[in-house]
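Everything on this sheet refers to the single structure shown next.
The values are calculated or read from the model by the stated rules, or taken from the named source; none is laboratory data. The shown structure was predicted, so the numbers you read here are calculated from the model rather than taken from an experiment. Note that each Cβ is placed from the backbone with ideal geometry, even for glycine, and that neighbours are counted across all protein chains shown.
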Amino acid sequence: MNRVSKMIAVAGLAVAVLATPAMAQRDPAYEAARASGQVGEKMDGYLGVVGGASSDLQRLVSDINIKRRALYSQRAQAAKPAVTLEEYALTAGCIAISRTQPGEKYQAPDGSWQTRTSAPPMRDSRCPAAQ
Amino acid sequence: MIRYELTRAGTLATTAPMMGARRTVRWARVLPLAALASATLGGCVNVTAPDKPIVIELNVNIRQEVIYRLAADADNTINENEDIF
(Lines give C-alpha, C1' and ligand atoms only; values in the text may rest on other atoms or scores of the structure.)
Protein backbone atom coordinates (compact mmCIF):
# COMPACT_ATOMS: atom_id res chain seq x y z
CA MET A 1 0.00 0.00 0.00
CA ASN A 2 1.54 3.27 -1.02
CA ARG A 3 1.37 6.50 0.92
CA VAL A 4 -1.46 8.02 -1.15
CA SER A 5 -3.82 5.11 -0.68
CA LYS A 6 -3.00 5.07 3.05
CA MET A 7 -3.91 8.74 3.28
CA ILE A 8 -7.17 8.11 1.45
CA ALA A 9 -7.99 5.27 3.82
CA VAL A 10 -7.28 7.43 6.86
CA ALA A 11 -9.35 10.27 5.45
CA GLY A 12 -12.23 7.87 4.76
CA LEU A 13 -12.07 6.55 8.31
CA ALA A 14 -12.02 10.08 9.71
CA VAL A 15 -15.12 11.00 7.66
CA ALA A 16 -16.93 7.88 8.87
CA VAL A 17 -16.06 8.62 12.51
CA LEU A 18 -17.05 12.27 12.22
CA ALA A 19 -20.27 11.50 10.34
CA THR A 20 -21.61 9.09 12.95
CA PRO A 21 -22.21 11.60 15.76
CA ALA A 22 -23.81 13.94 13.20
CA MET A 23 -26.62 11.41 12.67
CA ALA A 24 -29.21 12.45 15.20
CA GLN A 25 -30.00 9.94 17.91
CA ARG A 26 -32.84 9.90 20.37
CA ASP A 27 -32.56 12.07 23.42
CA PRO A 28 -31.67 9.80 26.40
CA ALA A 29 -34.78 10.94 28.30
CA TYR A 30 -36.95 10.04 25.29
CA GLU A 31 -35.21 6.69 24.88
CA ALA A 32 -35.77 5.91 28.56
CA ALA A 33 -39.45 6.95 28.40
CA ARG A 34 -39.99 4.66 25.42
CA ALA A 35 -38.21 1.71 27.02
CA SER A 36 -40.17 2.08 30.27
CA GLY A 37 -43.49 2.35 28.43
CA GLN A 38 -44.29 5.87 29.64
CA VAL A 39 -44.73 7.00 26.05
CA GLY A 40 -46.03 5.06 23.08
CA GLU A 41 -46.59 5.31 19.36
CA LYS A 42 -50.12 6.34 18.43
CA MET A 43 -51.98 5.28 15.29
CA ASP A 44 -52.15 8.85 14.04
CA GLY A 45 -48.37 9.12 13.72
CA TYR A 46 -47.72 10.99 16.93
CA LEU A 47 -46.29 10.12 20.30
CA GLY A 48 -48.66 9.63 23.22
CA VAL A 49 -48.25 9.64 26.97
CA VAL A 50 -49.33 6.36 28.58
CA GLY A 51 -50.94 6.99 31.93
CA GLY A 52 -50.05 9.98 34.05
CA ALA A 53 -47.23 12.18 32.86
CA SER A 54 -44.89 14.56 34.61
CA SER A 55 -44.73 18.02 33.12
CA ASP A 56 -41.22 17.26 31.88
CA LEU A 57 -42.39 14.18 30.02
CA GLN A 58 -45.40 16.03 28.64
CA ARG A 59 -43.09 18.75 27.34
CA LEU A 60 -40.78 16.18 25.76
CA VAL A 61 -43.70 14.50 23.98
CA SER A 62 -45.17 17.81 22.78
CA ASP A 63 -41.79 18.92 21.51
CA ILE A 64 -41.31 15.74 19.49
CA ASN A 65 -44.87 15.88 18.15
CA ILE A 66 -44.43 19.46 16.95
CA LYS A 67 -41.31 18.41 15.08
CA ARG A 68 -43.08 15.37 13.65
CA ARG A 69 -46.01 17.47 12.52
CA ALA A 70 -43.72 19.92 10.71
CA LEU A 71 -42.00 17.00 9.00
CA TYR A 72 -45.28 15.35 7.98
CA SER A 73 -46.58 18.63 6.61
CA GLN A 74 -43.46 19.17 4.55
CA ARG A 75 -43.39 15.63 3.17
CA ALA A 76 -47.15 15.56 2.48
CA GLN A 77 -46.83 18.66 0.32
CA ALA A 78 -43.74 17.31 -1.43
CA ALA A 79 -45.56 14.08 -2.38
CA LYS A 80 -46.74 13.88 -5.98
CA PRO A 81 -49.65 14.25 -6.03
CA ALA A 82 -49.70 16.05 -2.70
CA VAL A 83 -51.51 14.32 0.14
CA THR A 84 -53.03 15.62 3.33
CA LEU A 85 -51.06 15.98 6.53
CA GLU A 86 -53.31 13.38 8.18
CA GLU A 87 -52.74 10.84 5.42
CA TYR A 88 -49.00 11.20 5.71
CA ALA A 89 -49.12 11.10 9.50
CA LEU A 90 -51.25 7.93 9.48
CA THR A 91 -48.77 6.25 7.11
CA ALA A 92 -45.87 7.23 9.35
CA GLY A 93 -47.87 5.93 12.33
CA CYS A 94 -48.25 2.52 10.66
CA ILE A 95 -44.51 2.32 10.15
CA ALA A 96 -43.57 3.73 13.55
CA ILE A 97 -45.81 1.15 15.25
CA SER A 98 -44.34 -1.70 13.24
CA ARG A 99 -40.87 -0.54 14.28
CA THR A 100 -41.55 -0.53 18.01
CA GLN A 101 -39.32 -2.83 20.02
CA PRO A 102 -40.63 -5.49 22.42
CA GLY A 103 -41.54 -3.79 25.70
CA GLU A 104 -42.43 -0.46 24.08
CA LYS A 105 -46.01 0.79 23.98
CA TYR A 106 -48.19 1.33 20.95
CA GLN A 107 -51.81 2.15 20.32
CA ALA A 108 -54.01 -0.63 18.90
CA PRO A 109 -56.81 0.11 16.38
CA ASP A 110 -59.36 0.09 19.25
CA GLY A 111 -57.44 2.94 20.90
CA SER A 112 -56.03 0.90 23.77
CA TRP A 113 -52.36 0.93 24.71
CA GLN A 114 -50.59 -2.33 24.04
CA THR A 115 -47.12 -3.52 24.95
CA ARG A 116 -45.19 -4.69 21.94
CA THR A 117 -44.15 -8.30 22.05
CA SER A 118 -42.10 -10.23 19.53
CA ALA A 119 -45.36 -10.81 17.62
CA PRO A 120 -46.40 -8.28 14.95
CA PRO A 121 -48.30 -5.32 16.43
CA MET A 122 -52.05 -4.87 15.97
CA ARG A 123 -52.34 -2.17 13.34
CA ASP A 124 -54.97 -0.34 11.36
CA SER A 125 -56.33 -2.47 8.51
CA ARG A 126 -55.23 0.19 6.06
CA CYS A 127 -51.58 -0.08 7.07
CA PRO A 128 -49.25 -1.49 4.43
CA ALA A 129 -47.64 -4.84 5.10
CA ALA A 130 -44.61 -4.54 7.36
CA GLN A 131 -41.32 -4.48 5.49
CA MET B 1 -46.14 5.02 -58.14
CA ILE B 2 -49.75 6.00 -58.12
CA ARG B 3 -52.07 4.37 -55.72
CA TYR B 4 -55.75 4.24 -56.36
CA GLU B 5 -58.03 4.30 -53.42
CA LEU B 6 -61.73 4.42 -53.01
CA THR B 7 -62.75 7.85 -51.91
CA ARG B 8 -66.09 6.77 -50.57
CA ALA B 9 -67.51 3.45 -49.58
CA GLY B 10 -70.30 2.52 -51.91
CA THR B 11 -73.11 0.07 -51.51
CA LEU B 12 -72.59 -3.37 -52.87
CA ALA B 13 -73.74 -3.92 -56.40
CA THR B 14 -75.59 -6.96 -55.25
CA THR B 15 -77.23 -7.40 -51.90
CA ALA B 16 -77.54 -10.60 -49.98
CA PRO B 17 -80.95 -12.17 -49.76
CA MET B 18 -83.08 -10.90 -46.85
CA MET B 19 -80.91 -7.81 -46.56
CA GLY B 20 -82.29 -5.88 -49.47
CA ALA B 21 -85.34 -4.42 -47.90
CA ARG B 22 -85.79 -3.42 -44.29
CA ARG B 23 -87.95 -5.83 -42.46
CA THR B 24 -90.96 -4.19 -41.00
CA VAL B 25 -92.00 -5.21 -37.54
CA ARG B 26 -95.68 -5.52 -37.20
CA TRP B 27 -96.09 -3.65 -33.97
CA ALA B 28 -99.82 -4.21 -33.91
CA ARG B 29 -99.18 -7.91 -33.50
CA VAL B 30 -96.10 -7.71 -31.24
CA LEU B 31 -97.30 -5.19 -28.67
CA PRO B 32 -100.15 -7.21 -27.15
CA LEU B 33 -97.82 -10.20 -26.87
CA ALA B 34 -95.20 -8.11 -25.10
CA ALA B 35 -97.80 -6.73 -22.73
CA LEU B 36 -99.03 -10.23 -21.95
CA ALA B 37 -95.48 -11.48 -21.34
CA SER B 38 -94.63 -8.65 -18.99
CA ALA B 39 -97.87 -9.12 -17.10
CA THR B 40 -97.24 -12.84 -16.52
CA LEU B 41 -93.58 -12.30 -15.62
CA GLY B 42 -94.40 -9.43 -13.32
CA GLY B 43 -95.18 -11.75 -10.44
CA CYS B 44 -91.82 -13.50 -10.67
CA VAL B 45 -89.50 -10.57 -10.19
CA ASN B 46 -89.59 -8.91 -6.81
CA VAL B 47 -87.40 -5.91 -6.32
CA THR B 48 -87.44 -4.56 -2.80
CA ALA B 49 -85.60 -1.38 -1.95
CA PRO B 50 -83.16 -1.74 0.98
CA ASP B 51 -84.32 0.05 4.10
CA LYS B 52 -80.84 1.46 4.71
CA PRO B 53 -79.21 3.84 2.25
CA ILE B 54 -76.41 2.31 0.22
CA VAL B 55 -73.15 3.90 1.30
CA ILE B 56 -70.11 3.30 -0.81
CA GLU B 57 -67.16 3.96 1.42
CA LEU B 58 -64.79 5.31 -1.19
CA ASN B 59 -62.95 7.26 1.43
CA VAL B 60 -61.55 4.12 3.03
CA ASN B 61 -60.25 2.76 -0.28
CA ILE B 62 -58.69 6.01 -1.33
CA ARG B 63 -56.95 6.34 1.99
CA GLN B 64 -55.51 2.85 1.79
CA GLU B 65 -54.27 3.46 -1.75
CA VAL B 66 -52.63 6.69 -0.56
CA ILE B 67 -51.03 4.98 2.43
CA TYR B 68 -49.54 2.28 0.23
CA ARG B 69 -48.14 4.91 -2.09
CA LEU B 70 -46.62 6.89 0.79
CA ALA B 71 -45.17 3.93 2.68
CA ALA B 72 -41.70 4.05 1.13
CA ASP B 73 -41.42 7.82 1.55
CA ALA B 74 -42.57 7.69 5.17
CA ASP B 75 -40.10 4.90 5.83
CA ASN B 76 -37.25 7.09 4.56
CA THR B 77 -38.50 10.08 6.51
CA ILE B 78 -38.40 8.05 9.73
CA ASN B 79 -34.92 6.76 8.93
CA GLU B 80 -33.64 10.26 8.33
CA ASN B 81 -35.16 11.64 11.53
CA GLU B 82 -34.33 8.99 14.08
CA ASP B 83 -34.11 11.51 16.90
CA ILE B 84 -37.86 12.15 16.87
CA PHE B 85 -39.06 8.61 16.10
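For the stretch A:118-131, a residue qualifies if it is surrounded by 10 or more Cβ atoms within 10 Å (Cβ to Cβ) and more than 14 Å from chain B (Cβ to nearest Cβ), and the qualifying residues are A:Pro120, A:Pro121, A:Met122. The single residue among A:Gln101, A:Gln114, A:Gln107, A:Gln131 that is polar (S, T, N, Q) and at pLDDT below 95 turns out to be A:Gln131.
For A:Ala89, state whether it is more than 16 Å from A:Val50 (Cα to Cα), among the hydrophobic types (A, V, I, L, M, F, W, C) and surrounded by 14 or more Cβ atoms within 10 Å (Cβ to Cβ). Yes.
If the condition is being loosely packed, with under 10 Cβ neighbours inside 10 Å and modelled with pLDDT of 60 or more, then the stretch A:11-48 contributes only A:Pro28.
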